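For reference, the structure discussed in these notes is given below.
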Amino acid sequence: MLAKVFSAALVGLEAHLIEVEVDISGGLPQFSVVGLPDATVRESRDRVRAALKNSGFQFPVKKITVNLAPAGVKKEGSGLDLAIALAVLVAEQVLPAEAVKNDVIVGELSLDGRVKPISGALSIGMACLNSHRLLVPAENATEAALAGRAVVFSIHTLPEAVEFLRGAHCLDPTVVDRAAYFAFHTGCEEEDFDDICGQDSAKRAFEIAAAGAHNVLMVGPPGAGKTMLARRLPSILPPFQTEEALETSRIYSVAGQLEGGYPLLMARPFRAPHHSISEAGLIGGGTIPKPGEVSFAHNGVLFLDEAAEFNRSVLDSLRQPLEQGSVTVTRVSGSLRYPARFMFVAAMNPCPCGYYGDRSKNCVCSPAQIRRYRGRLSGPLMDRLDLHLDVPAVPPRELREDRPSGESSALIRTRVMAARARQTQRFKRDGIHTNSQLSPRLLKKYCPLDSVGRDLLEQALTRLGLSARAYGRIVRVARTIADLAGCDMIAATHLAEAIQYRGLDRHLEF
């Protein structure tokens, strides 16, 4: 007899509904799975056979053919186990075919019949229709329900699923109010800018960066506070919105990196990979393509500490996500696109020993060593970083315990959110949200300069030897500075402050 049950499989971040067809016929006992299954899916035959036997069901000693349609979509992972097992029971007439007609069933089976959690439940929930019932492992029920599509039921064991589909066992659907859930679980403590001693100019630059979602490069000696500044950046960013949280949580869900008990990210991600990371680890990819650190930092912050220690090819691979806000991983079987719109913060020393230009300690590096060290950050990558900061060593007087308290993150965040609100209102018809996303066409529309501003910018470009891309970056930063000041037009003072954040290019010459 032929049986059909719907399940789902992940391709990148997207889930595709899969029709699991099972045909049981006479002949020598055989269990074959066709339809582009990977090794994990092919191994499901052994898990399904053991789960059925250990749950008290008779496993048919016949020829069993499982077809996963559409055959052109590669199926990966163990989430098809439960659907295959139930399809076998439908083919054996243990379950009526009508019982699974509108159901989408996912879950991994253990050998004793327990249903184990899977990755990507949020994406699977989004792929379902409102007319579907979605049966998922109990650990994934809340995550799938957050998608707000199908009616979700949590399943603990294979026998429980069978009894529920027969109508002999009643289960309550999992219902989650997304807005209420998000509001209840947010509000964790964050590191505060008030902890940082001195570095007022760097704090100002980070406020500008947060207000316009600009990228930052910090150069300074060891112990100047570069890492402290970067780690406190999320504390002045606007709070995570529900839709942003869902978008970013999908990435973590597909990769199986959501923390237990929390099916939704509650705060903007802050990712700080080690300098030994590979290109695939940073950008994404691999034999079985997976999202990389740039995607895990989506809607948050990617911080590269000691950036000059990273492999140059790894750093240069950041160009595409910094420009486009996404990453495309291409393989023979097809291309996958992962979102990667993040704030990029890089920190480095001015030289290998860290003390070039420092007044308190002498640098022991040769000019060739310094040139080679700085050359690891290529010119095209430097061009894509909006704010270049010189972060000097903190004077001892700033470290005293009785020093005046600086501004708190909450106060800075208030100004940042006001500037972001101006941008949201300005760009409401253009499909962007921040000044950093301005295209050349929108740059001309929203960032006109008067004659004084144009002359000032031309002189700066000539003296600093900056590129046309740097021109656009300066104007975008100036637009953000104007927004923080509550000004509709970009004044010469706003441009002058934006230009000083590119002066580090000249400072690094020797």
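The values are calculated or read from the model by the stated rules, or taken from the named source; none is laboratory data. Remember, predicted model here, so these are calculated numbers, not experimental data. Neighbour counts run over all protein chains shown; Cβ positions are idealised from the backbone, glycine included. SASA here: full protein model, heavy atoms, side chains in, ligands and nucleic acids out. Shrake-Rupley method; radii C 1.70, N 1.55, O 1.52, S 1.80 Å.
Residue-by-condition table, conditions (1) exposed (fewer than 15 other Cβ atoms within 10 Å of the Cβ); (2) free of Cβ contacts under 8 Å to residues at least 24 places away in the same chain; (3) touching a helix residue (DSSP H, G or I) at 6+ places or on another chain (Cβ under 9 Å):
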| position | (1), (2), (3) |
| --- | --- |
| GLY26 | yes, no, no |
| ASP46 | yes, yes, no |
| ILE64 | no, no, yes |
| SER78 | no, no, yes |
| ILE105 | no, no, yes |
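Restricting to the range 278-298, name every residue that is assigned to a loop (DSSP other than H, G, I, E, B), out of contact with any Leu (no Cβ under 7 Å at 6 or more places or on another chain), of a type outside the set (Ser, Thr, Tyr) and at pLDDT below 95.
Initial filter on the range 278-298 (assigned to a loop (DSSP other than H, G, I, E, B)): 278, 286-289, 292, 297-298.
Adding the requirement that they be out of contact with any Leu (no Cβ under 7 Å at 6 or more places or on another chain) leaves 278, 286-288, 297-298.
Within this subset, residues satisfying the condition of being of a type outside the set (Ser, Thr, Tyr) are 286, 288, 297-298.
Those that are assigned to a loop (DSSP other than H, G, I, E, B), out of contact with any Leu (no Cβ under 7 Å at 6 or more places or on another chain), of a type outside the set (Ser, Thr, Tyr) and at pLDDT below 95: GLY286, ILE288.
Condition check ((1) modelled with pLDDT of 90 or more; (2) within 34 Å of the chain's Cα centre (by Cα); (3) more than 17 Å from THR424 (Cα to Cα); (4) open to solvent by 10 Å² or more (accessible area, probe 1.4 Å)) across all residues:
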site	(1), (2), (3), (4)
LEU443	yes, yes, no, yes
TYR446	yes, yes, no, yes
ASP450	no, no, yes, yes
LEU456	yes, no, yes, yes
LEU461	no, no, yes, yes
SER467	no, yes, yes, yes
TYR471	no, yes, yes, yes
ARG476	yes, yes, no, yes
THR480	yes, yes, no, no
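Please work out which one of (1) hydrophobic (A, V, I, L, M, F, W, C); (2) farther than 20 Å from ALA202 by Cβ; (3) modelled with pLDDT under 95 is the condition MET417 fails and give its number.
(3)
State whether the residues of the range 420-441 include one that is hydrophobic (A, V, I, L, M, F, W, C), open to solvent by less than 40 Å² (accessible area, probe 1.4 Å), touching a strand residue (DSSP E or B) at 6+ places or on another chain (Cβ under 9 Å) and assigned to a loop (DSSP other than H, G, I, E, B).
Taking the range 420-441 as the starting set, the residues that turn out to be hydrophobic (A, V, I, L, M, F, W, C) are 421, 427, 432, 438.
So of that shortlist, the ones also open to solvent by less than 40 Å² (accessible area, probe 1.4 Å) come out as 427, 432, 438.
Pick out the ones that are also touching a strand residue (DSSP E or B) at 6+ places or on another chain (Cβ under 9 Å) and you get none.
No - not one qualifying residue is present in the range 420-441.
For the range 402-413, does any single residue satisfy the condition of being open to solvent by less than 30 Å² (accessible area, probe 1.4 Å), touching a helix residue (DSSP H, G or I) at 6+ places or on another chain (Cβ under 8 Å) and within 27 Å of ASP195 (Cα to Cα)?
Yes - at least one qualifying residue is present in the range 402-413.
Give me the strands (runs of 3 or more DSSP E) completely within the range 315-395, filtered to those with at least 1 residues that are within 13 Å of VAL294 (Cβ to Cβ), ordered by residue number. Steps first, please.
Working: elements: 326-331, 334-339, 343-348, 387-390.
The qualifying strands (runs of 3 or more DSSP E) are 326-331, 334-339, 343-348.
Of everything in the range 238-268, what is on the phi > 0 side of the Ramachandran plot and either in contact (Cβ under 8 Å) with a residue 60 or more places away in the chain or open to solvent by less than 40 Å² (accessible area, probe 1.4 Å) (or both)? Give them in sequence order.
GLY256
Mind listing whichever residues of the range 28-41 are open to solvent by 40 Å² or more (accessible area, probe 1.4 Å) and in a strand (DSSP E or B)? Even if it seems obvious, please write down each step before you answer.
First, pick out the residues of the range 28-41 that are open to solvent by 40 Å² or more (accessible area, probe 1.4 Å): 28-30, 34, 36, 39-40.
GLN30, VAL34 - these are the residues of the range 28-41 that are open to solvent by 40 Å² or more (accessible area, probe 1.4 Å) and in a strand (DSSP E or B).
What's the total number of residues in the range 129-172 that are more than 29 Å from LEU111 (Cβ to Cβ) and either of a type in the set (Lys, Arg) or open to solvent by 30 Å² or more (accessible area, probe 1.4 Å) (or both)?
Result for the range 129-172: 6.
Just to be sure, is LYS74 farther than 22 Å from ILE288 by Cα and among the charged types (D, E, K, R)?
On the way: farther than 22 Å from ILE288 by Cα: no; among the charged types (D, E, K, R): yes.
When the stated conditions are applied, LYS74 does not pass them.
Considering only residues that are open to solvent by less than 20 Å² (accessible area, probe 1.4 Å) and in contact (Cβ under 8 Å) with a residue 60 or more places away in the chain, which ones fall in the range 270-309?
The answer is PRO291, GLY300, VAL301, PHE303, ALA307, ALA308.
Please name all residue pairs, on different chains or six or more residues apart, with Cβ atoms under 6 Å, provided the first residue is in the range 353-376 and is in contact (Cβ under 8 Å) with a residue 60 or more places away in the chain and more than 21 Å from VAL394 (Cα to Cα) and the second residue is outside any loop (DSSP other than H, G, I, E, B) and open to solvent by 80 Å² or more (accessible area, probe 1.4 Å).
ARG376/ARG312
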